[in-house]
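Let me begin by presenting the structure, written as structure tokens, before commenting on it.
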Amino acid sequence: MPKSLTGQIALLVALALFVAQAVNFAMLFRERRSNEFYQITAPAITRVVDGAERVRNGRFRASPDRADDGKRQRWRLRLLPNNPVPPGLERRVDVEEGMRRAMREANLPVGRIVTGVEPIATDDAMLARMSRLKAERVKRWSAELHIAVELPGKGWLTMTSGWTRGDGDLLWRLIAQTLFLYIAVLIPVLWVGARVGRPLRKLAAAARDFHPSHASPPIEEDGPGDVRAVISAYNLMRCRVTAMLEEKDQMLGAIGHDLRTPLAALRVRIESVEDDEDRARMADTIDEMNRTLDDILSLARLGRPSEPPTETDLSALIDAVVEDFRDLGHGVDYADGQRLILRVRPSLMRRAVRNLIENAVKYGGGGTVSLTRDARRVRIEVADRGPGIPPEQLAAVFDPFTRLDPSRNRSTGGVGLGLTLARAIVREAGGDIVLANRKGGGLSAVITLPRGI
């Protein structure tokens with residue numbers, strides 16, 4: 001089945017025309033057979049029955065059998081001692097049944113009834129002896145129908161009439177008619193389908209490729225009225241979505257500014273707290289609130305990042321993140337891979353890798369980072385030596401504010417946005433993140449990116 005709208009419409013119309021023409025052919029064929037029976041066979045049967053009655057009543061006189069007129073005698077009733085129908089000819093069972101039924105209705109006893117269809121030779125001398133009008137009528141016949149009826153004790157009553165052998169002319173007329181219909185109907189249908197399908201394909205491509213961070217011109221309104229109305233509605237919706245996202249960014253910027261200002265003021269005020277332990281706890285709380293605020297704002301603004309994609313050495317980016325953790329004394333290993341250039345947003349991708357390594361450090365005491373690639377994909381794997389995650393919760397940990405630690409202890413993690421933010425960053429880049437428990441213990445987090453980004 002074609003995928004395009006135009007192809008589907010054309011196929012359905014072609015099938016409908018084929019079915020209609022097939023039904024038309026069947027009806028014409030049946031009508032032609034009926035006409036043949038009533039126009040050719042029925043008169044022949046009537047003549048044979050009349051001749052049989054005359055034979056029974058002794059009033060039948062055989063036609064003269066002159067040598068110079070032998071061909072013409074085949075078109076008249078003759079009473080012969082033997083069956084004159086040549087063997088091997090095509091028999092017409094329907095004619096034989098009709099003949100036997102007519103004989104039965106006339107109360108005429110008959111024996112065998114034999115028929116045969118014989119092609120007419122175009123150079124038949126009989127045609128030369130006929131009148132012009134009769135010869136033209138005979139030429140329309142492609143064969144002769146021989147009928148021989150056995151009259152017990154009397155001989156064989158025979159006659160020959162014209163017969164149309166085959167239905168080739170009907171078939172060719174139907175093929176020509178079908179081709180004409182296909183030309184007359186399918187070409188306008190294909191034109192209309194193309195006029196409707198082309199703008200719809202453009203609309204589908206624009207909707208599929210729509211991204212708030214990529215400015216795109218409105219789609220040209222083309223095609224029939226209904227299609228133009230749909231395209232106009234899409235252009236209006238795109239403008240509304242873009243305006244809503246811009247308003248959301250402005251609102252988030254204002255919220256971030258309004259929240260960071262009192263947090264900064266609190267950070268200044270806690271310096272006056274004399275107890276060092278209380279002051280340190282307050283500072284940690286403020287730092288945690290700042291990190292949480294950064295994660296929330298980053299996740300909310302991810303659909304419209306301000307950083308453009310650039311050609312980035314992914315191996316150097318991972319190495320820089322790993323060095324940051326090593327400087328803090330964490331056991332993170334990375335085997336320097338080959339230089340690998342990808343078009344990504346470096347700050348966001350660095351944050352996604354950092355979040356995975358941070359989870360490996362917090363929950364597994366450290367981790368190992370590896371970078372591999374093949375012809376189609378790039379894989380960044382962060383493997384730790386921790387307890388892993390229950391299989392039924394591997395998908396749930398990506399939900400916002402989800403933590404496996406029921407105590408909500410800040411020393412063992414944040415507020416549950418790290419994996420959510422990392423997966424959102426990777427998916428925005430066209431990839432994905434998959435978590436899996438390792439056979440020897442620990443957890444494996446794999447970032448998969450397409451080579452073409």
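The values are calculated or read from the model by the stated rules, or taken from the named source; none is laboratory data. Just so we're clear, the structure is a prediction, and the values are computed from it rather than from any experiment. Note: ideal-geometry Cβ built from the backbone for every residue, glycine included; neighbour counts use all protein chains shown. For accessibility, only protein heavy atoms count, side chains too; no ligands or nucleic acids. Shrake-Rupley method; radii C 1.70, N 1.55, O 1.52, S 1.80 Å.
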- Exactly one of (1) surrounded by 12 or more Cβ atoms within 10 Å (Cβ to Cβ); (2) modelled with pLDDT under 80; (3) among the hydrophobic types (A, V, I, L, M, F, W, C); (4) in a helix (DSSP H, G or I) is unmet by ALA26. Its number? (1)
- Only one of (1) closer than 30 Å to HIS211 by Cα; (2) modelled with pLDDT under 90 does not apply to ILE318, and that is (2)
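Considering every residue within the range 341-353, establish whether at least one is in a loop (DSSP other than H, G, I, E, B) and among the hydroxyl-bearing types (Ser, Thr, Tyr). Quick ask: steps written out before the conclusion?
Let us first name the residues in the range 341-353 that are in a loop (DSSP other than H, G, I, E, B), namely 345.
Then drop every residue that is not among the hydroxyl-bearing types (Ser, Thr, Tyr), which leaves none.
No, the range 341-353 contains no residue that is in a loop (DSSP other than H, G, I, E, B) and among the hydroxyl-bearing types (Ser, Thr, Tyr).
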- Item | Test for GLU274: is it in a helix (DSSP H, G or I) and exposed (fewer than 11 other Cβ atoms within 10 Å of the Cβ) | no
- Message: With open to solvent by less than 50 Å² (accessible area, probe 1.4 Å) and touching a helix residue (DSSP H, G or I) at 6+ places or on another chain (Cβ under 7 Å) as the only criterion, which of LEU245, LEU263 stands out?
- Response: LEU263
- Message: For the range 108-131: of the residues being modelled with pLDDT under 85, not hydrophobic (A, V, I, L, M, F, W, C) and not in a loop (DSSP other than H, G, I, E, B), which is most open to solvent (accessible area, probe 1.4 Å)?
- Response: ARG129
- Message: Where the second residue is surrounded by fewer than 15 Cβ atoms within 10 Å (Cβ to Cβ) and of a type in the set (A, V, I, L, M) and the first is closer than 13 Å to ARG343 by Cβ and lies in the range 425-437, which pairs have Cβ atoms under 8 Å and are six or more apart or on separate chains?
- Response: ALA429/ILE453; GLY430/ILE453; GLY431/ILE453
- Query: Which of (1) open to solvent by 60 Å² or more (accessible area, probe 1.4 Å); (2) at pLDDT below 85; (3) under 22 Å from ILE296 (Cβ atoms) does LYS362 not meet, given it meets every other one?
  - Reply: (2)
- Message: For the condition closer than 26 Å to ALA176 by Cβ, in a helix (DSSP H, G or I) and modelled with pLDDT of 80 or more, what is the one hit in ALA20, ALA102?
- Response: ALA20
- Task: Name, by its number, the condition in (1) over 27 Å from ILE9 (Cβ atoms); (2) in a helix (DSSP H, G or I) that does not hold for ALA206.
- Result: (1)
- What residue, among those in the range 84-107 that are touching a strand residue (DSSP E or B) at 6+ places or on another chain (Cβ under 9 Å) and more than 15 Å from TRP163 (Cβ to Cβ), is surrounded by the most Cβ atoms within 10 Å (Cβ to Cβ)? MET103
- Message: Yes or no: the range 222-242 includes at least one residue that is without any contact (Cβ under 8 Å) to a residue 60 or more places away in the chain, within 25 Å of LEU297 (Cα to Cα), loosely packed, with under 12 Cβ neighbours inside 10 Å and among the hydrophobic types (A, V, I, L, M, F, W, C).
- Response: yes
- Item | Close pairs (7 angstrom Cβ cut-off, 6 or more residues apart or separate chains): at pLDDT below 60 in the range 161-179, of a type outside the set (A, V, I, L, M, F, W, C) anywhere | ARG165/PRO119; ARG165/SER142; GLY166/SER142; ASP167/ARG32
- Note on the structure: Of the residues in the range 387-416 that are at pLDDT 75 or above and hydrophobic (A, V, I, L, M, F, W, C), the one that is surrounded by the most Cβ atoms within 10 Å (Cβ to Cβ) is VAL397
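Residues checked against (1) touching a residue at least 60 places away in the same chain (Cβ under 8 Å); (2) polar (S, T, N, Q); (3) within 21 Å of LEU417 (Cα to Cα):
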position: MET251; (1), (2), (3): no, no, yes
position: THR261; (1), (2), (3): no, yes, no
position: ALA265; (1), (2), (3): no, no, no
position: GLU277; (1), (2), (3): no, no, no
position: ASP287; (1), (2), (3): no, no, yes
position: LEU293; (1), (2), (3): no, no, yes
- List, please: which pairs have Cβ atoms under 9 Å, are six or more places apart or on different chains, and start with a residue in the range 104-115 that is under 12 Å from ILE45 (Cα atoms) and end with one that is crowded, with 17+ Cβ neighbours inside 10 Å and of a type in the set (Lys, Arg)? THR115/ARG92
- Task: Collect the residues in the range 322-356 that are under 46 Å from the mean Cα position of the chain (by Cα) and touching a residue at least 40 places away in the same chain (Cβ under 8 Å), keeping them in residue-number order.
- Result: LEU342, ARG343, VAL344, ARG345, SER347, LEU348, MET349, ARG351, ALA352, VAL353, ASN355, LEU356
